[in-house]
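*Asks:* Here you go, one structure.
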Amino acid sequence: MEIYLDNAATTKILPEVKEIMLETMDDAYGNPSSLHRKGVEAEKYIRYARDTISKQLKCDPREITFTSGGTESNNLALIGIAMANRRAGNHIITTGIEHASVYNPLLYLEEQGFRITFLKVDSYGRVDMDHLKEVLDEETILVSTMAVNNEIGAVEPIEEIAKVIKAYNPDIVYHVDAVQAFGKQVIYPKRIGVDAMSMSGHKIHGPKGSGALFINSRTKIKPILYGGGQEKGIRSGTENTTAIAGMGKACEIMYRDLEKNTERMRRVKQTLIDGATALEGVTDNSGAAPHIASFSFQGVRSEVLLHALEERGIYVSSGSACSSNHPAVSGVLKAIGLEKELLESTLRFSFCEQNTEEEAKYVVRTLEELLPMLRRFTRK
């Protein structure tokens, strides 16, 4: 039996996505910038993806820029917007629970002379709105927050955040990292005051190496890659037609069945929460997102339990997959005030619409069997 519960790290490509990707490889293999027929054929797939994504965001297709993934989208948004608006101020606001692809570009900007403020979050991982109101000042040019946290599934009140920002100064740019929200909830960025929004394809059953950035047409941004001027000069480089087409098809599928998918994931998540929290020494850290659950297992190191589950065919994560090459205690878990003894005893279980309640029940039975044994081993 194989139960894959690491969908926040990456998802399996859907058959329809694979099919459109193969079409581009076999038939539409031309450079989309070429003027001949093969180039035009390739460009049609890019236009299809751009139209599909913009339709779901209720924005102009020209406001969608394709990138190589969530990391590049975040880097382009943060560095590009900060540099383009530098004359207006040097203050950037974010939170203490951001993904490394937001946190590290901001550290770079700090080295370039920008002042970074990290907002407090509550025990559920949600932004402290009073703190946001306190730290906004005349030098603030950019605010960046997640829509959904990738480790615990906290859902941020991005519409409320946007209102606070725009009420203080409508010229402040609000960027949202929506990598864990895109394809799983409806977001209309322009309607709620979000100026830039990052997305990724491989979190929604599309290919790795595919991503997009919504940029409001009124938002000033500088490119961080220079070359042939593709993507309206914002992101140079020959477009990855295959990946872009795959992301477009994945977006179409995920939003087509959004309500059904979301409800199914919620049921699976709740089944797991109900079963796991009934076990001794299990703490639930889960936020409101339908596809992410987080538990701390007292007396068991996360890596030990992770591999014990793996031996039973259950695949989970000890946190963000992007940080696995640099293991450290999670800043997210610290920020929500998790007890020190639980910081290295936490696992993330993340779902897709293909997971079942039966799988969740099997995981609970497996945990019930493993935890007492692993705790005895740990005590020795």
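*Asks:* Please state which of the following conditions Cys59 fails to meet, knowing it meets all the rest: (1) touching a Phe, Trp or Tyr at 6+ places or on another chain (Cβ under 7 Å); (2) part of a helix (DSSP H, G or I); (3) surrounded by fewer than 22 Cβ atoms within 10 Å (Cβ to Cβ); (4) hydrophobic (A, V, I, L, M, F, W, C).
*Replies:* Among (1) touching a Phe, Trp or Tyr at 6+ places or on another chain (Cβ under 7 Å); (2) part of a helix (DSSP H, G or I); (3) surrounded by fewer than 22 Cβ atoms within 10 Å (Cβ to Cβ); (4) hydrophobic (A, V, I, L, M, F, W, C), the lone unmet condition for Cys59 is (2).
*Asks:* Scanning the stretch 119-132 for residues that are open to solvent by 80 Å² or more (accessible area, probe 1.4 Å) and touching a residue at least 12 places away in the same chain (Cβ under 8 Å), which turns out farthest from the chain's Cα centre (by Cα)?
*Replies:* This residue is Lys120.
*Asks:* A further question follows. If you go through the stretch 316-338 one residue at a time, do you hit one that is assigned to a strand (DSSP E or B) and at pLDDT 95 or above?
*Replies:* Yes.
*Asks:* Please work out if Lys184 is farther than 18 Å from Ile161 by Cα, open to solvent by 30 Å² or more (accessible area, probe 1.4 Å) and modelled with pLDDT of 95 or more.
*Replies:* No, not satisfied.
*Asks:* Under 9 Å by Cβ, and 6 or more places apart or on different chains, what pairs join a residue from the stretch 133-154 that is at positive phi with one that is among the aliphatic types (A, V, I, L, M) and surrounded by 24 or more Cβ atoms within 10 Å (Cβ to Cβ)?
*Replies:* Taking only residues 6 or more apart or on different chains, the pairs are Gly153/Ala8; Gly153/Ala289; Gly153/Ile292; Gly153/Ala293.
*Asks:* Of the residues Ile20, Ile92, only one is of a type in the set (A, V, I, L, M, F, W, C) and either open to solvent by 20 Å² or more (accessible area, probe 1.4 Å) or within 21 Å of Cys251 (Cβ to Cβ) (or both); which?
*Replies:* On inspection, the qualifying residue turns out to be Ile20.
*Asks:* Let me ask something else about it. Quick one: Ile224 ticks every box in (1) surrounded by fewer than 23 Cβ atoms within 10 Å (Cβ to Cβ); (2) outside any loop (DSSP other than H, G, I, E, B); (3) touching a Gly at 6+ places or on another chain (Cβ under 6 Å) bar one, so which box is it?
*Replies:* All conditions pass for Ile224, except number (2).
The values are calculated or read from the model by the stated rules, or taken from the named source; none is laboratory data. Note that the structure is predicted; figures quoted are calculated from it, not measured. A quick note on method: Cβ atoms are made from the backbone with ideal geometry, for glycine too, and the neighbour counts reach across all protein chains shown. Quick note on the areas: whole protein, heavy atoms, side chains included, nothing else; ligands and nucleic acids left out. Shrake-Rupley method; radii C 1.70, N 1.55, O 1.52, S 1.80 Å.
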